[in-house]
Amino acid sequence: MMADWDIATDPTTASGFWWRTVQGNFVPKLLQMAALMAAAGAAAGGGGGDDDDDTPEAIKAIQRMLARVPPLVWAGKILRKVPTYALTQLLVMPLWLDQEGNAVVFTVPQDDNGRILAGIFWKLAGFATGDRSLWQSVTDAIGYGVSQTPSVSPAISTVWSAADYALGRNPFDAFRQKSLLTPDEQKARGYTWQPFRKFVGWEFQQVGGGIVWKFYPGDERPKLQTTGQQILDFPVISDTVGRFVKITKYGDVERARRAGEPAEGRAAARRINEQSAINTELKAYFALPPGEQNVRTQQRLASKLSKTLYPDEKDMKKKAANERRLQRRMALSVAHGSDDALADPVIAADTKEAKIAIIMDAQPTFTPKQFEDWLQAAVRQKVISPQILIDVHKQMRRKPATIH
């Protein structure tokens, strides 16, 4: 890569290097982008933007124009079903759509430098489809460039992954850009063999095991596969022909997930803003005399925050929902912020059974009165539900506690 960089920056060779890069890497990516934009314009009935109001008008205008070119629309309808990874890393040639709606494409690998430069170019141009904002496209390009820096060999990386797993950490799958184990699988380690089997299968694939036996470790495979997909999954074929011919509609899944990203982003921003405001109010709350640190004060502060954070909200139902949500978050924040070693793990527990187990394990450290006072306070502060209180009392009757 350093030799190519020297060629790219040397005045005597730079023009030839960049001309070849434009011809061999950038122009095919531009054609891919044009096809996707044409398909987006056609999908919106010629309106452009794929019915997305956040798409800039200039982009919608280009999509409407390209939607008038039938070959581009045809190619774009196929490319829309191709996963982002393939569109970024490879040169993708659309062939046809099969009867199940899968895209059948021919992919052409690129040399390392061409792949990285074309990938960065593709990420930067991502906003042109309307799926990403300009800022998201820039950050995607930076992240992609960093992720493509030279890495250690698979043999060494598998040792590091094994060390991570042995230490109780969740290995990271760089190819899929996510943690290997799901949250449930990570928690289930030590109680079932399934997480370990998934890890071993993943490691097997990392060192090239797919040549002999290709499978998807831990992921549910498609219930229905076309004949072509089944053939491409055969040993040896998957790592030879399968490198060039792909049958997929995973792009539809990715697009459906992206559709929910703006709403999820706005909800996350709302939660952050609310928690920041609650933390500010908590300082004043804990400074109050003990007799004033109660549920009524929390409700008053939550009502105040609702008016401060959402001053323009006119819908009475939404105003009431905002206050209820802030009251609950205020109660939980009080429980988190108080000197209570039991509230934090109880709040963090995901299931009712886990919450009850944590509470019952801590019972011997309380006197009977202290324990009952804690339970009643936990219900008032919404740390536990009334049903959990009932279930805890049932267990207490079956197994009387002894104080340590």
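So the values come out like this:
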quantity	calculated
Residue that is surrounded by the fewest Cβ atoms within 10 Å (Cβ to Cβ) [pool: residues in segment 371-380 that are touching a residue at least 12 places away in the same chain (Cβ under 8 Å) and within 37 Å of the chain's Cα centre (by Cα)]	ARG380
Subset of segment 223-268 that is within 20 Å of GLY101 (Cβ to Cβ) and of a type in the set (A, V, I, L, M, F, W, C) - its residue that is farthest from the chain's Cα centre (by Cα)	ILE231
Enumerated helices (runs of 4 or more DSSP H) restricted to segment 57-114, each holding at least 2 residues that are touching a strand residue (DSSP E or B) at 6+ places or on another chain (Cβ under 6 Å) and not assigned by TED's automatic domain parsing to the domain that holds VAL22	none
Residue match in segment 310-327 (condition: assigned by TED's automatic domain parsing to the domain that holds SER276, small (Gly, Ala, Ser) and in a helix (DSSP H, G or I))	yes
Residue satisfying condition, being under 22 Å from MET396 (Cα atoms) and of a type outside the set (D, E, K, R), within set LEU342, LEU301, LEU305, LEU309	LEU342
Filter result for the condition that a residue is free of Cβ contacts under 8 Å to residues at least 60 places away in the same chain and farther than 16 Å from VAL295 by Cα, over MET330, MET316	MET316
Qualifying positions in segment 247-265 - assigned to a helix (DSSP H, G or I) and either closer than 10 Å to ARG80 by Cα or aliphatic (A, V, I, L, M) (or both)	TYR250, GLY251, ASP252, VAL253, GLU254, ARG255, ALA256, ALA259, ALA263
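Residue by residue, here is whether (1) over 26 Å from ALA277 (Cα atoms); (2) polar (S, T, N, Q) holds:
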site: THR297; (1), (2): no, yes
site: GLU323; (1), (2): no, no
site: VAL346; (1), (2): no, no
site: LEU389; (1), (2): yes, no
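Residue-wise test of (1) buried (at least 16 other Cβ atoms within 10 Å of the Cβ); (2) not basic (Lys, Arg).
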{"site": "ASP361", "(1), (2)": "no, yes"}
{"site": "LYS369", "(1), (2)": "no, no"}
{"site": "LYS382", "(1), (2)": "yes, no"}
{"site": "PRO386", "(1), (2)": "no, yes"}
{"site": "HIS393", "(1), (2)": "no, yes"}
{"site": "MET396", "(1), (2)": "yes, yes"}
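The values are calculated or read from the model by the stated rules, or taken from the named source; none is laboratory data. From a predicted model like this one, the values you see are computed outputs, not experimental measurements. With ideal geometry, Cβ positions are generated from the backbone for all residues, glycine too; neighbour counts draw on all protein chains shown.
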